[in-house]
Amino acid sequence: MNGNDVTAFNLTQHTPKSVIKVAVLGAESTGKTTLCRDLAVHFGCPWVPEYMRTYLQAKWDNEQLTCTWDDLLPIAQGQIELENKLAEQATQTRDNSHYLFCDTSLFELMVYSNWYYGDCPDALTKAALTHHYDLILLTDIDTPWVADDLRDSPHQREEISAYFAHQLTIHNKAFHIVSGSRGVRVVEVAELILNLSLD
């Protein structure tokens, strides 16, 4: 299944040294986007939207089609291009603390590829495992599932969340599970970032 033309895609991550980058991962409808938005407001910095949602919503709206194997590398490239662009923008914030909150990463795309297809494009796997984040958050499933055009697993969130935790663990990616209400999550992450800065 690894027959994609990888030469057409550049998945290289570029992060300015001054930027502290946080990846927010998790099962669908667990508050990843809300958390990223709230953290961006709290810290006065940019956040990176999930490119896959934009890409697949357009595909659904235009063709009534869902994600296929051939979409994975274009989505990966779109995600990292957006992340790289906003990482550069993060250096322009007025204080000396430059943060970037990423609503997903290539690691999440790799996890979902293996979940749905039992495989992942080699170039995507390599990039996902080499990209660096100063903090990785895994959103808990203690939020209500909300339906939309793209979500399809209301009864598998617990299983998918456990799969995320397993994949992060076996690939030696340290992570923190973020639970609780919207406000509690922001306070919890802010404390984690403060401790990160003190290390």
I'd like to compare 81-89, 61-69: which one has the highest average count of other Cβ atoms within 10 Å, and what's the full order after that?
81-89, 61-69
Skipping prolines and chain starts, which residues have an amide H placed within reach, meaning under 5 Å, of the one on Ile20, given they are 5 or more residues away or on another chain?
His98, Tyr99, Leu100
Degrees between helix 182-198 axis and first principal axis of the chain (Cα, 0 to 90, nearest 10):
70 degrees
With +1 on the Cβ of every Lys and Arg and -1 on the Cβ of every Asp and Glu, the dipole magnitude of the chain about its Cα centre, in debye rounded to the nearest 20, is 520 debye
Degrees between helix 32-43 axis and first principal axis of the chain (Cα, 0 to 90, nearest 10)
30 degrees
Loop only by DSSP, 15 or fewer other Cβ within 10 Å of the Cβ. Give me the chymotrypsin sites (Phe, Trp or Tyr not before Pro) in the stretch 106-146 that pass, ordered by residue number.
Trp145
Please calculate how many Å² of accessible area the chain carries per residue, with a 1.4 Å probe and no DNA, RNA or ligand atoms counted.
51 Å²
Applied in sequence order to the stretch 119-125, the curve 6.51 cos²θ - 1.76 cosθ + 1.60 (Karplus, θ = phi - 60°) yields integer Hz couplings, x standing for Gly and Pro, of 6, 8, x, 4, 5, 5, 4
Please work out how much accessible surface His176 shows to a 1.4 Å probe, ignoring ligands, DNA and RNA, in Å² rounded to 10.
80 Å²
Backbone HN-Hα couplings from phi across the stretch 81-86 [Karplus 6.51/-1.76/1.60, Hz, Gly and Pro as x]
4, 5, 4, 4, 4, 6
Rg and Dmax of the stretch 43-108 over Cα atoms: what are they, in angstrom?
14.2, 46
Based on the alpha-carbon set only, what is the convex hull volume of the chain divided per residue, in Å³?
123 Å³
What list of ³J(HN,Hα) values in whole Hz, one per residue of the stretch 156-173 in order, does the Karplus curve 6.51 cos²θ - 1.76 cosθ + 1.60 (θ = phi - 60°) give from phi, with Gly and Pro shown as x?
10, 4, 5, 5, 5, 4, 5, 5, 4, 4, 5, 5, 4, 5, 5, 9, 6, 9
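The values are calculated or read from the model by the stated rules, or taken from the named source; none is laboratory data. A quick note: this is a predicted structure, and the numbers were derived from the prediction, not measured. Glycine also receives a Cβ, built like all others from the backbone with ideal geometry; neighbour counts cover every protein chain displayed. For the accessible areas, the whole protein counts, side chains as well, though only heavy atoms, and no ligand, DNA or RNA atoms are used. Shrake-Rupley method; radii C 1.70, N 1.55, O 1.52, S 1.80 Å.
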